[in-house]
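The values are calculated or read from the model by the stated rules, or taken from the named source; none is laboratory data. Not measured: the values here are computed from a predicted model. Cβ sites come from the backbone with ideal geometry, for glycine too, and all protein chains shown count toward neighbours. Note: accessible area is taken over every heavy atom of the protein model, side chains too, but ligands, DNA and RNA are not part of it. Shrake-Rupley method; radii C 1.70, N 1.55, O 1.52, S 1.80 Å.
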Amino acid sequence: MYKKRLHGWIKHIDFMLLDVLSIQIAFAIAYMVKYGLKNVYEDSFHAEIAFALCVVDILVSVGFNTFSHVLKRGYFVELFEAFKKALIVELGIAFYLFLMKSGSDYSRFMFVVMGVIYFVVSYIFRALWKMYLRRMYRKHKKRKMLVVAQKNAVREVIQGINADTVGDIHIIGLAVTSDDLVGQEIEGVKVVANAETVVDYVCREWVDEVFVKIASDEPFPEKLVSQFDQMGVVVHLSILNTDELIDQNRIVERVGNYYTITSSINYVSVGQLFLKRLMDIVGGLIGTIFTGILFIFVAPAIYISSPGPIFFSQVRVGKNGKRFKIYKFRSMYMDAEERKKELMEQNRVKDGMMFKLDFDPRIIGAKQLPNGKIKKGLGNFIRDFSIDEFPQFLNVLRGDMSLVGTRPPTVDEWEKYELHHRARLATKPGITGMWQVSGRSNITDFEEVVKLDTKYISEWSIGLDIKIMLKTILVVFKREGSM
């Protein structure tokens, strides 16, 4: 129970902070109503009470789990919850004043006015914030979920998931295992796969999570779940008798009306995700500023050497198969993509899973001399010092990428992926990553890249990200010293 409450207030810390802000606003207004336009915090007695109000409000939020299912509550229910919270906080501060023997020094009028204003302001803040979050979920933050179930259970599963979510789950398709209904619709959701094609569908499409409903008379789909785990996809299993499935990579979770065993390549806390995103935003802002400065010098050099756009954009495959446009300073000639097919035979990476050449004639200014030596040009300079990567800080700010992650594959590379390769897409792609700082120019075995990326995802921590970023800086400076 303690863990459940702890997770509840961490998950909704934004609402808790709004309530703390609300009670401070209410306290300041009540003070001004009583004593005129004065700063309540200049008075040491009332400043101490203001601090006590914050502590009491937080303790009530955690102790009474006041934000449990807050996004699923209706606005009338929220009105009642806001009133109940205000009443409990008022009782709490009254108890504090009693213990401190300060009750006689505190205005009863202020006490009542503060409670009323706190109730009204906190409700308004909660309602507005809920409206914003629900709108954001519907537009940007939906988790793309595939439902896998027998025909007779599909309708119930769709209704169960949609009935008890806040719009953050979008059922993108159905995989009916008992019948071949591909192309048909059930409850407005298209059947996109059957028992034989579901694994290939998940491997090739943008799927964040898979919900598997297993009937009581249906054998446990061990092979199917193993294949999803291999791809790094989050899997929710709605089944009974699951004790043998619980280990360090599986937890009990609720999805819609169902309790599930959820498996994932790694689990991180809300606090860790918040810190990673905060680090991305700060780093993205700093990187964007440097990008603007570099543009002043790089843009004319690129245009003079190879007239055309300064930036290069390309569709890449990101987290769980989501496609996005990546941005770079252009370091190649305009016809680079067309010439790539001609140069494929010289690719150092077998099976075409990545593209690397000993000498790439598409790079601006690069030439191979008659004696076989390679003369580097402007494009090589841009690439050697990773200057071409700087516009990707815009991708980081947009949320398509992270500072540290895995290399986002091109669409043609992704189409060649086998099941275990897809595990690389279980996290956001990054500007740098574990394999980049492990000798990216020397690694030509794609399986080694997959191994390093999977290791990064399964062992991820904020400390690991910081370590990789520091190594990246050292690698760039080492490259500078060797030139």
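Quick notes on this one:
- Rounded FRET efficiency, nearest 0.05, which uses the C-beta distance separating residue 69 from residue 310 and R0 of 35 Å: 0.10
- Extending 7 Å from the Cα toward the beta-carbon at both residue 91 and residue 285 defines two label points whose distance is 4.2 nm.
- Counting only protein heavy atoms and a probe of 1.4 Å, the accessible surface of the stretch 36-121 is 74% carbon and sulfur.
- Lys-Lys pairs in the stretch 69-198 that are eight or more residues apart or on separate chains and whose Cα atoms lie under 15 Å of each other come to 5.
- A 1.4 Å probe over all protein chains sorts 54, 203 by accessible area into 54, 203, starting with the largest.
- Share, in percent, of DSSP beta bridges within the chain that are antiparallel, nearest 5: 50
- Model label zone, residue 131; criterion: amide N under 18 Å from point 7 Å along Cα-to-beta-carbon; scope the stretch 51-78: 71-78
- Accessible carbon and sulfur surface of the stretch 143-209 relative to its total accessible area, %, 1.4 Å: 40
- Peptides 408-415, 153-160 ordered by average Cβ neighbours within 10 Å, highest first: 153-160, 408-415
- Of 328/467; 223/276; 319/356, pairs whose Cα-Cα distance is over 30 Å: 223/276
- For the chain, accessible area per residue (1.4 Å probe, heavy atoms of protein chains only), Å²: 53
- At R0 = 22 Å, FRET efficiency that the Cβ-Cβ distance of residue 296 and residue 385 yields, to 0.05: 0.85
- Under 15 Å from the Cα of residue 376 - aspartates and glutamates, other chains or at least 8 residues apart: 358, 360, 384, 480
- Per-pair calculated FRET efficiency, R0 = 60 Å: residue 35 and residue 196 via Cβ, rounded to 0.05: 0.20
- Of the complete DSSP H runs in the chain, those spanning 15 angstrom or more by Cα along the long axis with a mean Kyte-Doolittle score not below -0.5 are 13-35, 44-63, 75-99, 108-139, 151-163, 270-305, 446-458, 462-481.
- Among the protein heavy atoms, those of residue 41 account for about 110 Å² of accessible surface (1.4 Å probe, every chain in place).
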